[in-house]
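Structure first, commentary second.
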Amino acid sequence: MFAARFGLVLGTALAALSPASAQTPRPALPELKFVEIPAAAREHFAGDRFSYMEAGKADAPPVLLLHGIGANSFYWRYQYAGLSDRYRLIAWNAPGYILTDPLRKERPTCTDYADALAVFADAMGVQRFALAGNSFGSAIALCFAEKHLARVTRLALSGVSIGAKNTPPAEREAVFQRRQKQFEAAGGMKYARDVIGLLTGPATPARAKPEIMEVLSATSGRGYLQASFVPYELDVLAFAGKIAVPVLIYQGTEDKIAPIARNAEPLAKALPNVKLVRLENFGHLPDVEDPDRANALLREFLGDAK
């Protein structure tokens, strides 16, 4: 009962952030739920809970949805509505996001988040599943597949980045300091205003921008800063050749965060079994920018997800 009420209140509050959003018919969000972090893994977390959203029948093929660095489980609004007739969609809030307790490690790696995802999947009682990830979530999906390939049926990735491991230390520290000051100066609302222009493209419809702003506004400073360390120790091309499961990459051609020529294209060349779809004139968040196309691609690619 509490989870249902909390999800309703939080969803209503987010919807009220923008007048434009109130005028735009769109699917309702599922309720926010909680699952306990198993005792055996709790030493890695500053708490004992994951929060998540779920849609679809419990016995349907499971698909775990992994949000980006500035997002959360609210990001997948259109996928809950468009795909839950066929799949069990489970969207976590990564450690430090919404009401999921953060990791204890000050500077977590992609492997740390992949291990956290394994803990979450175990807590949810799902052993083998498809993964769909956007941006930071796509990095976690790839790292999870490298370490736990037997648990993955297929990967669907958008806003994908190959990592920035070769960034000079001074440059990466400057990025961390800037991001910390960004949240110290204000918070999620200012963050949303600062980055919205980087996330969209010429074809992004007007209705998508306030919806993206709402998702970004819920960003937690601590979760965001911890996740910021991931790209700077990550080199996806170093292990992409080991990921033999089918992979779909659907990337906006106007993605300013992860330009397609420097990220999706070289990754597609490195993966053994991949399809790359270019979404002309869209940006970094195709699941919200063009949900009908994204859902059609996901439905075709996932099939029965077994």
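None of the figures in this text is laboratory data; all of them are computed from the coordinates on show. From a predicted model like this one, the values you see are computed outputs, not experimental measurements. Virtual Cβ from ideal backbone geometry, glycine too; neighbours counted across all protein chains shown.
For the reader, a short list of remarks on this structure follows.
- Peptides 244-253, 295-304 ordered by average Cβ neighbours within 10 Å, highest first: 244-253, 295-304
- Overall, the anisotropy analysis places the range 179-261 in the oblate class: the square-rooted eigenvalues a ≥ b ≥ c of its C-alpha gyration tensor yield a/c not less than 1.5, with a/b not exceeding b/c.
- Multiplying the residue separation of LEU237 and THR111 by 0.36 nm and removing their Cα-Cα distance gives an extension gain of 43.8 nm.
- For ASP59 and ARG178, the FRET efficiency from 1/(1 + (r/R0)^6), where r spans their Cβ atoms and R0 equals 51 Å, is about 0.65.
- With the gyration tensor restricted to C-alpha atoms of the range 209-306, the semi-axes of the equivalent ellipsoid amount to 23, 20, 14 Å, longest first.
- FRET E, pair HIS148, LYS190, Förster distance 45 Å, beta-carbon r, rounded to 0.05: 0.75
- Within the chain, helix-based [θ] at 222 nm, where runs of 4 or more DSSP H residues each add -39,500 (n - 2.57), nearest 500: -11500 deg cm²/dmol
- From phi via Karplus (6.51, -1.76, 1.60), per-residue ³J(HN,Hα) for the range 279-288 in Hz, x at Gly/Pro: 9, 5, 6, 9, x, 8, 10, x, 5, 9
- Three principal axis lengths of the range 2-302 [C-alpha, angstrom, descending]: 45, 40, 39
- Links that overshoot a 24 Å alpha carbon limit, given the list LYS181/LYS256; LYS105/LYS165; LYS57/LYS269; LYS147/LYS275: LYS57/LYS269
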